[in-house]
1. Indicate the gyration tensor shape class of segment 119-224 (rounded, prolate or oblate), computed on the Cα atoms with a ≥ b ≥ c the square roots of the eigenvalues: a/c under 1.5 is rounded; otherwise a/b larger than b/c is prolate and the rest oblate.
2. Give me the one-decimal nm value for the distance between modelled label points at residue 219 and residue 127, 7 Å along each residue's Cα-to-Cβ direction.
3. So who's got an amide H within less than 5 Å of the one on residue 334, skipping anything under 5 residues away but keeping other chains? H placed 1.01 Å off N, in plane.
4. Using amide H atoms built in the peptide plane, which far-off residues or other-chain residues are under 5 Å from residue 169 H to H?
5. Quick one: 3J(HN,Hα) in Hz for segment 213-220, Karplus 6.51/-1.76/1.60 with θ = phi - 60°, rounded, Gly and Pro as x.
6. Past 22 Å, Cα to Cα, is the threshold; run 75/240; 135/209; 156/185; 117/156 against it and keep the listed order.
7. Just to check I understand the Karplus step: with θ = phi - 60° and J = 6.51 cos²θ - 1.76 cosθ + 1.60, what whole-Hz values come out for segment 332-348, glycine and proline as x?
8. Determine ³J(HN,Hα), in whole Hz, for all residues of segment 282-294 in sequence, where each value follows from phi through the Karplus function 6.51 cos²θ - 1.76 cosθ + 1.60 and θ = phi - 60°; x replaces Gly and Pro.
Amino acid sequence: MTNHHIHTIQKGDTLQSVSKQYGISAEELRNYHNRYCELPDLLNREIEHQKELIVPKLGQEGNSEETPKEKERKKVSFAPNNKLSYSPVNTHYKYGVMIILENGEDKNELKYETSVKWLQKYGDFHIFEIDRTSKIYINKEEVNDIADLLAYETSKVLFPMHIVVDEDGNWEEVAKYNKYPERWKAIKSNLQKEFEGEMVENYFQKIEKILETPEQINFYMLGDFFLRTLFLGYCFNYGKDFTAEKHITFPIVENGIEPRYKIQAKVDPYLDEYNLINIELEGVLDDERSKEDFINERPFAFNNNYEKQKDIDNRSLGEIAIQGFLNPKSGIPEALHLECSIELDETKKITVVIANLSETGTLRAKSKETIVEGKATEKVGFWGRVKEYLKEMDNPEYFQEKHRNIMKQQMKK
């Protein structure tokens, strides 16, 4: 018995749109359906009265319209409506993170490593444990400025942290956790032995204010560029033509209501040569607030300031672009490259680069990477370079500008 896929006709379906959804030609779909359907359901030039179409399952004979290169590539396994599945159960990743903060001519760079471990399913949500696993480097050097050092040391109270993520991979909130007061007591005691003065007390008061309620912890962590990039929710419906339009927000400025961007998203229906799902999101700022509103940190448009948006000098402008490489089994990102900008008095831009460093991760390069007992014994090509780059953050040579440019250019390809 031939194992078919049955496609239920939706409003607006055409032979061309359905065939594209399944990665075959319209002619091939018509021939295959007519070969196995009942006589009254035969297709002519277009879908008419049919309620279902009989479609060959991926990998079956008859996909003759594929190019030789496509035939060598595996197809992405989609849920209905070309939705990417998010199944992070039992995953544990170690990521290398690079964040570049630009404000006009001012530019700063952070690098660190962090662990992301799935803990449990809770209703329709997933619980992850986030933990920092390395020192933080700012502008090529280990944190040593007193202000940066105090910010780093006091923030340790939050890690490891548990966060809640929905079934599409979207950040929901920081999970309630009763260990923070106990941790803070120990951290504060140690810091008081090393530091003193007004600045120290100010940092203590700041972190204690954050720890007062779960809501304040959650609001504080909403500004974490790494977590927001990783859990931006990439596993949604990509539609019949593997594209989608939606709105997302990103905390590029400090504001109770984050700037909103309208994006066009697309997914490659085929896995790449490393057996990863490739996604791209590009968009522009689509927010009713004006530039003046953002500069003054207003959560809403001032006096229904829509007319001012028509003034070119006061119009709020910005862009966002994301390239992602997802694990086809879990939907977890193996690597991400995000660039987000907004025009204020000066252009503010955030760049976030994330790459999986786990030796036993799912990264597998066909024929160019030898895997022995779950470990990569030979690292060749872009992914090897990214992993080497981020794993050797302690090596000053890796902080040279030419290496940053190499990685950024490769991520854009």
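Readers should treat all values here as calculations from the given coordinates under stated rules, not as data from a laboratory. All figures in this text were calculated on a predicted structure; none of them were measured in a lab. Neighbour counts run over all protein chains shown; Cβ positions are idealised from the backbone, glycine included.
1. Numbers: a/c = 2.37, a/b = 1.72, b/c = 1.38.
Prolate is the answer for segment 119-224, as a/c is 1.5 or above and a/b outweighs b/c.
2. So the two model labels end up 2.5 nm from each other.
3. Hits under the 5 Å cutoff: 325, 326, 327.
4. none
5. 9, x, 5, 6, 4, 5, 4, 5
6. Details: 75/240 15 Å; 135/209 25 Å; 156/185 12 Å; 117/156 18 Å.
Over 22 Å Cα-Cα: 135/209.
7. 6, x, 8, 7, 9, 9, 10, 10, 9, 9, 8, 8, 10, 4, 10, 6, 9
8. Each residue of segment 282-294 in turn: 9, x, 10, 4, 9, 10, 6, 6, 8, 4, 4, 4, 5 Hz.
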